[in-house]
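Have a look at the structure below, then the notes.
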Amino acid sequence: MDAVVSVPGSKSVTNRALVLAALADGGTRIRNPLRARDTSLMIGALRVLGVGVADDGDDWVVNPAALRGGSAIDVGLAGTVQRFVPPLAALADGPVRFDGDPRARHRPLAPLVLGLRQLGAEVDDVALPLTVHGTNGLRGGTAEIDAGASSQFVSGLLLAAPRYAEGLRLRHTGERPVPSSLQVAMTVHMLRDAGATVTADPDGREWTVEPGPLRGGDVEVPPDLSSAAPFVVAAVATGGRIRVPGWPRRSDQPGDRLPELLRAMGACCTLDDDGLTVTAGDTLLGLDADLSDCTELVPALAALAALASTESMLHGIAHMRGHETDRLRALSAELTHLGGECYETPDGLRVVPRPLHGGVVSTYDDHRMAMFGAVLGLAVDGILVENVATTGKTVPDFVERWTGMLGTAPAGAPH
């Protein structure tokens with residue numbers, strides 16, 4: 001394989017930008033937004049709350065308004081909607097009901113609700129479906145939560161905090177660190193870029209957001225480095241080469257760690273003004289790494305680990321059991337089903353390379369599991385990915401991008 005692949009805009013940046021734009025004092029133009037199920041669900045949620053979001057060419061223009069209650073919001077299976085929007089709904093002028101896909105009802109939510117209650121909000125349950133009873137504002141102040149299951153509990157409270165009367169002083173009380181620390185850093189930086197005063201302790205356990213206005217303006221959404229992972233990993237799985245234009249030299253996105261991790265597996269990675277170029281090395285090595293801050297990369301890396309010459313230990317990812325599906329169980333089950341050897345550990349996965357055979361890869365309605373199966377299919381004959389359409393959560397045209405990268409197209413698909 002020798003290809004150049006562009007990737008869509010970042011879901012994490014797009015949905016954070018939408019939330020901040022909804023709370024700003026003026027309009028915001030979001031350039032190069034990701035147009036996928038998760039971001040469509042976020043736009044739908046904001047429109048339910050009375051916020052104006054309009055297409056303008058390739059951009060979105062957001063016009064904030066007084067947040068209104070009295071309606072219901074569908075979070076789908078989008079963790080960012082499920083955890084970022086209830087703190088906004090606490091500012092609405094009436095009740096806002098939340099529900100989503102069946103799996104969303106099992107995703108952790110209680111720490112966010114407990115934090116909102118400490119800040120003066122009335123929320124009638126700690127899991128979906130639930131109702132946030134907005135009262136045209138929120139006192140804010142101090143909250144202590146255990147965010148060990150998801151960094152989105154922290155980000156959700158921080159994003160709305162400038163609009164709380166007393167701002168927010170948030171403390172993480174859990175024994176384990178907050179996972180996906182890069183995602184929290186992204187939230188802090190985007191808040192500051194919007195004019196908020198935010199203090200983040202270096203130990204990653206305490207944050208302070210002062211009350212005050214947020215400004216609108218222009219937000220440029222960078223490429224989604226996590227969604228780029230299966231494409232980049234594909235070069236290593238096939239012994240080939242790939243270039244991703246526009247890859248930033250420095251980023252708060254978890255995918256920023258991908259070049260470092262692939263180098264550890266024997267690949268050659270070059271980052272310059274033209275983007276990121278990855279070339280497979282002579283030998284594909286296993287990986288022993290703490291991936292707690294970049295869990296969205298794990299499915300693609302697990303597929304690569306199954307093809308390596310030595311075993312891999314993937315650490316710090318116990319919280320992936322609460323993702324769109326229990327990803328640790330799913331990855332272990334699917335690799336075992338295909339003849340591989342994969343074991344769950346208390347905080348991750350042990351992958352022992354074994355000859356793999358074809359078969360159906362179940363996706364569990366999880367976009368990253370579909371991408372995991374696609375990577376395996378590059379090196380193993382007879383792989384069939386079930387419900388590949390679930391990739392529409394973050395990459396709506398995944399099949400077209402994937403087959404285009406390979407210079408092929410499925411039957412009936414446009415070339």
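Here are some notes:
- Relative contact order for the range 9-213, counting Cα pairs under 8 Å that sit 6 or more residues apart, in percent: 16 percent
- Remark on the range 241-317: hydrodynamic radius 12.9 angstrom, per the Kirkwood mean of 1/r across alpha carbon pairs.
- Of the two radii for the chain, the radius of gyration is 0.97 times the Kirkwood radius, both from the alpha carbons; that is the Rg over Rh value.
- Taking each DSSP H run with n ≥ 4 as -39500 (n - 2.57) and averaging over every residue of the chain yields -9000 deg cm²/dmol at 222 nm.
- Reduced Cα scattering model of the range 9-213, Debye log10 I(q)/I(0), q = 0.10 Å⁻¹: -0.35
- Most mobile of ALA237, ALA264, ALA160 in a GNM of the chain (Cα contacts under 10 Å): ALA264
- Normalised by the number of residues in the chain, the average gap of Cα pairs under 8 Å and 6 or more apart makes the relative contact order 14 percent.
- Projected-area mean, the range 225-405, by convex hull of Cα positions, square nanometres: 8.9 nm²
- Using a cutoff of 8 angstrom between alpha carbon atoms and counting only pairs six or more residues apart, the relative contact order for the range 225-405 works out to 18 percent.
None of the figures in this text is laboratory data; all of them are computed from the coordinates on show. These numbers were taken from a predicted model, which means no experiment stands behind them.
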